[in-house]
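Notes to accompany the following structure.
Here, each number is a calculation from the coordinates, and none is a lab measurement. Model, not experiment: these values are computed from the prediction. Cβ atoms come from the backbone with ideal geometry, glycine included; neighbour counts cover every protein chain shown.
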Amino acid sequence: MATLDFPKVPGGDLTFREVELLLPGGAAPFVGDLRIEAGVITAVGMVDRPAGEVIDARGLTLMPGVIDPQVHFREPGPTHKEDLATGSAAAAVGGVTSFLEMPNTQPTTTTRAAVLDKHARASGRCRAHWGFFLGATPENQDLLAREALAPLVCGLKIFMGSSTGTLLVDDPAALEAHFAVSDAVARGVPIAVHAENEARLRANKAAAVAPTVRDHHRLRDAEAARLATAQAVALAEKYRRRLHILHLSTAEEAALLAERPRDGLVTSETLPQYLWLDARDYDRLGTRLQMNPPVREARHGEALWAALHAGVIDCMATDHAPHTLEEKARPYGEAPSGMPGVETLLPLMLHAAHLGKCTLPQVVQWLCEAPARCYGLTGKGRLSVGADGDVVLVDRRLSRTLRDADVVSKCGWTPYAGWTLTGFPVLTALRGRPVYRDGRLVDDVFGAPLTFAHGAT
Ligand code: DOR
C-alpha cells in the first residue's frame, strides 16, 4: 500500500462574516468574510452566497489552523503520559489543526509496519490532521526507498544526541550514510535533526560533579548544539539533502544559519520555551523545566527572537513532550526531559503580538505558512481560495490565567501555570467542521492524514 486508504473524512460548509482576516504573505489584517464549502475555502473577502452555518465574527480574528511540526504523543508506548486522542484534543483546544509526531514511541517508528500502525491508530481518533516521522537508526538508511515510505511520512528524524527513548545515530559514518541517500531516492523527504553532539554531551556529563537541574544547560551546553548543527548543515550541503533543524536553542546556531544563503535547503524552527523561559526559571520550576536541548541563559532567547524576525529561523514548533508530574518530580538524573506545549503555542504567540514583540501576520507566518512550506503540506497553512478550510477563530482581547487544572493534555500540567495571557482561540475547525468551540470539543469530528509535496520547498 503506497497510500492510506481510510474512510474519507467529510468536509463541512461554514461562513464567517465580518471577521478580521489574516491572509497569506504577511498581508495587513482586514475585515471581510470567508466561506468554506465541502472542506475547502471557496471565497475570501466579500461573500454574497454563504454556505452552511453563518458565524457573525465581528471583533474576532480568523487565521489558518496552526501547524505544530514537532510533538510527542507517546502512542504506542507510555500512553499514561499522552496518547493520540488526548494529545490531538489538546492541539484542537490550542488552535492546532495539524501536527507532525515524533518516532521515539515504543516500539520506535522505524519500520513500515510501525508507520502504518500509527496511521491506523490515528484514524477516527485524532482531533487534528496528522503526519508521522520515520525514525533513523544506524542501519536503516535504505528503508525510505526500499519500503516506498515517502507518501506515508513527513520526514526522517535523526537524534544526533540521545534524549528520551533509544533512538540515536551518533556514529559519523552512519549519520553521513543517511545524508548520502539522494533527495531523488528519498523522494524529497526532509531530514529533521535533533542537533546535539553526543560525544560532547557524554564528556560534559562525565566531568560534572554532583550536577543539579540548574546545571542541565551546562551539561547539554550551547557548544554541543552548535557542533551538531554545523555537522548536519555541512552534510546537507555536501549531498544537497533537504534538512530541517529541530528546536534551535542557541545564539550560536542562529549565527551559523544567518551566514547561509536562504536557499530552502536548510530550514529551522524554535520553541516558545526558548523565547519565554530562561535559565533563571530552573529555581522556580526545577525539573519541570528540564528538556533537551535545554532552556538556556536569556541571551539565547533574545538572539532567537531576532533570528525569527530576520527570517533566519523559519517557523515555530512546541516539542510537546508530556511526562507526568510524578515522573518530573524525580531527582535530577532520573526525571525525564520534556514538557507539554501544544495547547499553549498559539496563546503565547498571540500574547507576544499583544505585547508588541511581533505582529499578527508574523504569527501566521511562523505558526502556519512556514511549517506548511518546510514540510510541503499540501493545502495547509493559508487562508486562500482552494486551500483546506482548517481555521482558528481567535479572540485576541480575551485574557485568561493558565492553570494546571484546565490542561487538556493527559499529563495535566503546564510550565506556564499562573501566567495571564491575552489572546485565545475560541473556535477551531478541521476542513470546515468545528472541532472545538466555546470551550468544548465537538463530538465525532476528526482529522485526516496529511499529504506531502516532498521536495517542493
Ligand atoms: O526534552 C525532550 N523530550 N527532548 C527530546 O528530544 C525528546 C522529548 C521526549 O520525548 O520526552
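Straight-distance candidates among the lysines for linking to K410, with alpha-carbon spacing under 21 Å and chain neighbours fewer than 8 residues away dropped: K81, K118, K328. Round to a whole angstrom and tell me the spacing of the C-alpha centers of the range 229-253 and the range 175-222. The two parts, judged by their Cα centres, are 11 Å apart. Over the residues of the chain, the helix contribution to mean residue ellipticity at 222 nm works out to -7000 deg cm²/dmol, using -39500 (n - 2.57) for each DSSP H run of at least 4. Remark: the range 234-239, residue by residue, has Karplus-estimated 3J(HN,Hα) of 4, 5, 4, 6, 4, 9 Hz, where x stands for each Gly or Pro and the curve is 6.51 cos²θ - 1.76 cosθ + 1.60 at θ = phi - 60°.
For K205, the aspartates and glutamates whose Cα comes closer than 17 Å to its Cα, not counting residues fewer than 8 places off in the same chain, are D170, E196, D215, D221, E223, E334. Put the Cα centre of the range 1-76 next to the Cα centre of the range 111-163 and the gap is 27 Å. Go ahead and run the numbers for FRET between A184 and A258, Cβ-Cβ distance against an R0 of 30 Å, rounding to 0.05. Given R0 = 30 Å and the Cβ-Cβ separation, E is 0.55. All Cα-Cα separations within the range 1-130 were binned at 10 Å from zero, giving a P(r) of 12, 33, 28, 19, 8, 0, each value a whole percent of the pairs.
For A192, the amide hydrogen comes within under 5 Å of the amide hydrogens of L156, K157, I158, H244, counting only partners 5 or more places away or on other chains and with H modelled in the peptide plane.
Shown is the FRET efficiency for L116 and A173, computed with R0 = 35 Å from the Cβ-Cβ distance and rounded to the nearest 0.05: 0.70. Applying 0.36 nm per residue to the separation of R437 and R202 and subtracting their alpha-carbon distance, the gain on full extension is 79.9 nm. Taking only alpha carbon atoms, the range 142-285 gives an Rg to Rh ratio of 1.00, where Rh is the Kirkwood radius.
Against the empirical curve 2.2 N^0.38 Å, the C-alpha radius of gyration of the chain lands at a ratio of 0.92. Subtracting the Cα-Cα distance of D142 and R400 from 0.36 nm times their residue separation leaves 88.0 nm of extension gain.
The modelled label-to-label distance for the pair R214/S384, using points 7 Å beyond Cα in the direction of Cβ, is 5.1 nm.
For H351, neighbours were defined as the other residues whose beta-carbon sits under 13 Å from its Cβ, and their charges (Lys and Arg +1, Asp and Glu -1) total +3. With a Förster radius of 41 Å applied to the C-beta separation of A230 and A329, the computed FRET efficiency comes to 0.65. Amide H to amide H distances under 5 Å link Y436 with T428, V442, where only residues 5 or more positions off or on other chains count and H is placed in the peptide plane.
Converting phi to 3J(HN,Hα) with the Karplus coefficients 6.51, -1.76 and 1.60 and the offset θ = phi - 60°, the range 439-446 yields x, 9, 6, 8, 4, 6, 10, 10 Hz in sequence order, with x at every glycine or proline. Each Lys or Arg adds one and each Asp or Glu subtracts one; over the other residues with Cβ under 12 Å from the Cβ of L360, this totals +1. Subtracting the Cα-Cα distance of W419 and L355 from 0.36 nm times their residue separation leaves 21.6 nm of extension gain. Taking Lys and Arg as +1 and Asp and Glu as -1, the other residues whose beta-carbon sits under 10 Å from that of D183 total +4. Dipole magnitude for the chain: computed about the Cα centre from +1 point charges on Lys and Arg Cβ and -1 point charges on Asp and Glu Cβ, it is near 140 debye.
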